[in-house]
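The values are calculated or read from the model by the stated rules, or taken from the named source; none is laboratory data. From a predicted model like this one, the values you see are computed outputs, not experimental measurements. Virtual Cβ from ideal backbone geometry, glycine too; neighbours counted across all protein chains shown.
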Amino acid sequence: MKIKLNCNFENLSENYLFSEIGKRVRAYSEKHPEKKIVRLGIGDVTLPLPAPCVSAFENAAKEMGSKDTFRGYPPEYGYDFLRTRISEHYASFGVDIPADDIFVSDGAKSDCGNIVDILGDNTVYMPDPVYPVYMDSNIMSGREVRLLEANAQNGFLPMPGEECGRGVYYLCSPNNPTGAAYSEKQLKEWVDFALKSGSLIIYDAAYEAFVSDGSPRSVYAVDGAKECAVEICSFSKTAGFTGTRCGYTVVPAELDADGVKLKKLWSRRQATKFNGVSYPVQRAAEAAYSEEGMKACLDNIGYYMENAKMIASLLDEKGIKYTGGKNSPYIWLECPNGTSSWEFFDYLLEKVQVVGTPGAGFGKCGEGYFRLTSFGSHEDTAEAVERLRGLL
Ligand code: PLP
């Protein structure tokens with residue numbers, strides 16, 4: 001073939017992190033088949049869907065099987081019943097988002113990757129370490145990316161500074177991988193900076209349901225955010241939808257760049273390239289916001305946070321520094337005795353067969369750190385904690 005390909009793909013780093021973890025774990029298991037490995041590295045949920053979501057899913061599937069209630073293509077921006085529910089969800093924590101500014105999608109990852117379609121050639125800023133989708137989607141479209149160091153000094157929450165110019169800023173709070181969450185005061189600083197510099201914030205709130213200390217659950221908790229921020233969110237971690245797929249993006253009607261409404265562009269982008277989320281999935285997502293649905297979601301989150309507590313109290317006991325585990329299912333710890341992320345990974349695998357995620361895989365500033373997650377079962381987490389207690 002002689003066609004030209006998108007040469008920006010050559011600039012992507014290999015998907016090294018999870019394939020390398022898989023390789024090392026497989027090699028260890030082949031050598032020691034008798035050893036039980038406990039995984040605290042996954043970012044995927046393990047509890048089943050909340051019962052109210054399952055009933056709604058089943059009922060909607062039945063509707064699709066009957067001539068009178070069958071539905072064809074869904075509206076490309078989401079059914080009104082779900083957009084209204086999401087708007088009510090925002091209202092439940094004091095944020096006013098009209099249903100019409102909410103665009104339902106098949107998940108936050110797609111929206112994080114697709115949002116670049118409506119943006120021109122801006123400088124793009126994001127924290128290091130970072131959720132890799134922001135980085136890779138910008139590299140694929142040939143954008144210049146600048147990194148903002150997230151480190152122990154700034155509590156893993158970079159703030160606007162001298163190195164920040166006008167551009168597009170990715171913020172994720174509570175953060176993956178560090179588990180740190182911006183306070184309202186810190187977010188206000190970002191919003192003020194964006195308004196003053198003419199920048200756009202792309203705010204990833206995928207873990208908003210884990211906020212437990214009154215930190216903002218949405219960038220729109222801050223005045224002025226509707227003039228400078230898009231927010232991307234997901235049912236994946238709130239309601240266990242990682243395998244069911246539903247998310248949404250808020251593009252406020254107020255947002256414009258030189259008189260052009262971002263909402264108009266995103267509407268056009270979605271109408272052209274996206275054909276909506278299936279009806280049963282949207283009914284299941286709607287059910288997550290019912291009284292019983294929300295209770296079941298919060299029970300599941302509470303279960304994961306028990307795991308986070310087990311891990312955090314071990315680290316407290318051992319005097320190991322960490323962030324997260326409070327507003328987030330992630331715990332980001334400093335590898336003891338100055339070991340590197342991968343050395344620590346190998347040490348835990350060899351000595352106690354506990355698998356986590358080396359921080360270096362999320363960016364240069366992740367070197368010397370390690371991510372543990374609380375998405376496992378109580379039994380596995382307790383076992384991992386006991387093994388680590390004996391080792392560290
Ligand atoms: N944003 C962040 C920060 C995440 O950690 C994840 C998944 O782990 C996503 C988005 C993806 O969410 P979804 O499952 O809705 O695509």
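Odds and ends about this structure:
- Near pairs, Cβ below 8 angstrom, 6+ apart or cross-chain, from segment 82-93 (more than 17 Å from ALA284 (Cβ to Cβ)) to any residue that is surrounded by 18 or more Cβ atoms within 10 Å (Cβ to Cβ) and basic (Lys, Arg): PHE93/ARG217
- THR242 falls short on exactly one of the conditions (1) surrounded by 21 or more Cβ atoms within 10 Å (Cβ to Cβ); (2) closer than 19 Å to PRO48 by Cβ; (3) within 16 Å of the ligand (Cβ to nearest atom), and that condition is (1).
- Selection status of ASP96, over 22 Å from CYS7 (Cβ atoms), in a helix (DSSP H, G or I), more than 16 Å from the ligand (Cβ to nearest atom) and of a type in the set (D, E, K, R): no
- Flag for TYR207 being within 23 Å of VAL45 (Cβ to Cβ) and touching a strand residue (DSSP E or B) at 6+ places or on another chain (Cβ under 7 Å): no
- Conditions (1) farther than 23 Å from VAL130 by Cα; (2) touching a helix residue (DSSP H, G or I) at 6+ places or on another chain (Cβ under 9 Å); (3) not small (Gly, Ala, Ser): number failed by GLU30: (2)
- Among the residues of segment 354-363, the ones that are outside any strand (DSSP E or B) and either over 22 Å from TYR304 (Cβ atoms) or touching a Leu at 6+ places or on another chain (Cβ under 7 Å) (or both) come to 4 in all.
- Number of residues in segment 291-331 that are on the phi > 0 side of the Ramachandran plot and in contact with a Phe, Trp or Tyr (Cβ under 7 Å, 6 or more places away or on another chain): the value is 1.
- Those strands (runs of 3 or more DSSP E) of segment 100-204 in which 1 or more residues are modelled with pLDDT under 95 occupy 144-149.
- Members of segment 318-330 that are of a type outside the set (D, E, K, R) and part of a helix (DSSP H, G or I): none
- Taking the listed residues VAL281, VAL251, VAL222, the one that is in contact (Cβ under 8 Å) with a residue 12 or more places away in the chain, farther than 30 Å from VAL385 by Cβ, in the same structural domain as ILE118 (by TED's automatic domain parsing) and within 16 Å of the ligand (Cβ to nearest atom) is VAL281, with no other qualifying.
This table checks each residue for (1) touching a residue at least 40 places away in the same chain (Cβ under 8 Å); (2) in contact with a Cys (Cβ under 9 Å, 6 or more places away or on another chain); (3) not in a loop (DSSP other than H, G, I, E, B).
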{"residue": "ASP316", "(1), (2), (3)": "no, no, yes"}
{"residue": "TRP332", "(1), (2), (3)": "yes, no, yes"}
{"residue": "ASN337", "(1), (2), (3)": "no, no, yes"}
{"residue": "GLU343", "(1), (2), (3)": "no, yes, yes"}
{"residue": "CYS365", "(1), (2), (3)": "yes, no, yes"}
{"residue": "ALA382", "(1), (2), (3)": "yes, no, yes"}
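- Residue list for segment 27-55, filter: basic (Lys, Arg) and surrounded by 11 or more Cβ atoms within 10 Å (Cβ to Cβ): LYS35, ARG39
- Given (1) more than 12 Å from the ligand (Cβ to nearest atom); (2) within 16 Å of the chain's Cα centre (by Cα), index of the condition CYS164 fails: (2)
- Filtered by the rule that a residue be surrounded by fewer than 24 Cβ atoms within 10 Å (Cβ to Cβ) and touching a strand residue (DSSP E or B) at 6+ places or on another chain (Cβ under 7 Å), segment 357-373 gives GLY363, LYS364, CYS365, GLY368.
- Residue match in segment 31-40 (condition: modelled with pLDDT of 95 or more, in contact with a strand residue (DSSP E or B) (Cβ under 7 Å, 6 or more places away or on another chain) and away from the ligand (no atom under 16 Å from the Cβ)): yes
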